[in-house]
Amino acid sequence: MTDRRAALLELHRRILAGDPSASSELFSAIHRPIVRVLVRSHNHKLLSFDDAGDLATDALLDYLQHPTKFDPERSSLFSYLCMLAKGDTLNLLQARRREREKTLRLVEFLQDERNIAEMDTCTLDAETIISRYGAELFDDKYDVQVLRLMLAGEKDTDTYASAIGLGSATKADKNTAVKQRRDRLEKRLRRLGARL
Amino acid sequence: MSDRVPDKGTLLAAAAKRTANDPMFMGFLLASHRRGGFNLADIATEFGMNEASIVALALCRCPRQSPELFAKDVYAIAAHSGVSAERIAAVVRRADALAALRSGDSAQMMAAAQDEIDPPPTAPSKL
């Protein structure tokens, strides 16, 4: 048995016995080594240091909540914690990949006017886009309203005009203002989609 | 890439901040002591300690409540973190008192308000 394995096993024993400082010693001994394992295993563009740190912390907190789940006969504590952290990492990266794919699908839909009417099931994705990318998509609060209407498949120019405060404008002014906003938003969404 | 992993102190400080949301840890009681905030520098200043000591303290589990274990645990945490046992006991008791106050349990509040602990049979040399 290696020195580290024996030391960690002793910490595990102390944790089971209720020693309150053992958790702190465990963090000190093993948190950074777990982070190193995670960042070695994954592309840094997908997994930041902050992510890796949080995942290592999650693994340790999970273990400290349920220390009896660790079976010293089956693996070392370090391997066990790395396994927990790697599992959470895969879940995190898969969730992010799914979010990116949803966003891409949404943007692809937007690129094709014919599909906008079919987008009523994408409301949640729209909200994700609004909350995450709103700062770079919108110039003002009216842009948010216009995007929501676009994603709801709205076709009526008067509805758009009312949403941007031009309900009483002339038809020509409404058409111009609505088209300008929609074109600008679609252009920014396409740019966002290309970057994702 | 892995060589640029943040240093241990930075990583542990971030982990310690996470414990502010977990009642199992002293970090939670420290946050309660600071009325919900967990600023390492502020706590270190208040306690007259360096931030590493506060991180070590935050990552300890809270002392067990039974009278025979409470003092033992507080001294163990003190020996590990370098923060005085009296200070730790005061933080724990204050957090308990605040929790009791919020729940309206006056008996628990009175017990929690007793922030003195009996010295251990042989006090650790760090204290």
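The values are calculated or read from the model by the stated rules, or taken from the named source; none is laboratory data. All values derive from a computational prediction rather than experimental measurement. Here the Cβ positions follow ideal geometry from the backbone for every residue, glycine too, while neighbour counts run over all protein chains shown.
Filtered by the rule that a residue be crowded, with 18+ Cβ neighbours inside 10 Å and either touching a residue at least 40 places away in the same chain (Cβ under 8 Å) or within 16 Å of B:Glu46 (Cα to Cα) (or both), segment B:73-86 gives B:Val74, B:Tyr75, B:Ile77, B:Ala78, B:Ser81, B:Val83, B:Ala85. Exactly one residue out of B:Met1, B:Met24 is surrounded by fewer than 16 Cβ atoms within 10 Å (Cβ to Cβ) and either at pLDDT 95 or above or within 13 Å of the chain's Cα centre (by Cα) (or both), and it is B:Met24.
Can A:Arg14 be described as out of contact with any Pro (no Cβ under 8 Å at 6 or more places or on another chain), at the interface with another protein chain (Cβ under 10 Å from one of its Cβ atoms), more than 30 Å from A:Leu185 (Cβ to Cβ) and without any contact (Cβ under 8 Å) to a residue 12 or more places away in the chain?
Yes; evaluated as a whole, the condition is true for this residue.
If you take the residues in segment A:18-46 that are of a type in the set (S, T, N, Q), at the interface with chain B (Cβ under 7 Å from one of its Cβ atoms) and part of a helix (DSSP H, G or I), which one is surrounded by the most Cβ atoms within 10 Å (Cβ to Cβ)? By that ranking, first place goes to A:Ser24.
Among the residues of segment B:18-58, which ones are among the basic types (Lys, Arg) and more than 10 Å from every other protein chain (Cβ to nearest Cβ)? Hits for segment B:18-58 are B:Arg34, B:Arg35. Every listed requirement among (1) facing chain B (nearest Cβ under 10 Å); (2) buried (at least 18 other Cβ atoms within 10 Å of the Cβ); (3) under 20 Å from B:Asn21 (Cβ atoms) is met by A:Phe49 save one, (3).
Scanning segment A:152-166 for residues that are at pLDDT 90 or above, closer than 21 Å to A:Phe138 by Cβ and assigned to a loop (DSSP other than H, G, I, E, B) turns up A:Ile164, A:Gly165, A:Leu166.
Output the qualifying pairs, or none if there are none: Cβ atoms under 7 angstrom, residues six or more apart or on different chains, first residue in segment B:6-17 and more than 7 Å from chain A (Cβ to nearest Cβ) and more than 16 Å from B:Asn50 (Cα to Cα), second residue among the hydroxyl-bearing types (Ser, Thr, Tyr) and assigned to a helix (DSSP H, G or I). Correct list of pairs: empty, since none qualify.
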